[in-house]
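In what follows, a structure is listed as structure tokens, so that the remarks can point back to it.
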Amino acid sequence: MTHRALAAALVLAAATPAFAGDPQATRQDRTRAEIPPRALFICAADPDTRAAFQRQHGVEPVFMTAEQVLEARRDDITWRAPRCMTEREYARLAQSDTAFAAQRAPR
């Protein structure tokens, strides 16, 4: 019985720092750590979406064009916070990726 109580105390002691601090900041830190260094989201440009993005990621959304994304890939540019694309720009990016793949495919 004593061993179980000791084990439970050790687990609780180890977990206590994770529960300390601001839960909002902890969630944002975890979210930022899980996002790849060149993350893109499809975002609407309306005020509600912008506010939700800022609340989730801690920064205002930065919108990118398909050309900017291709340049970032080519120049190996990364960013810390995720960026946004409109649906139209994403369609342009997907179309350019398809065209590139078709050019590179063996015949």
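The set of residues in the stretch 53-83 that are touching a Cys at 6+ places or on another chain (Cβ under 9 Å), open to solvent by less than 50 Å² (accessible area, probe 1.4 Å) and farther than 16 Å from PRO37 by Cβ comprises PHE53, PRO61.
In the set (1) among the basic types (Lys, Arg); (2) modelled with pLDDT of 60 or more; (3) out of contact with any Pro (no Cβ under 9 Å at 6 or more places or on another chain), the condition left unmet by ARG80 is number (3).
Tallying residues that are modelled with pLDDT of 95 or more and part of a helix (DSSP H, G or I) within the stretch 30-48 yields 2.
The values are calculated or read from the model by the stated rules, or taken from the named source; none is laboratory data. Since the structure is predicted, the reported quantities are computational estimates derived from the model, not experimental observations. No Cβ is skipped: glycine too gets one built from the backbone with ideal geometry, and neighbour counts run over all protein chains shown. Heavy atoms of the whole protein, side chains included, go into the accessibility calculation; ligands, DNA and RNA do not. Shrake-Rupley method; radii C 1.70, N 1.55, O 1.52, S 1.80 Å.
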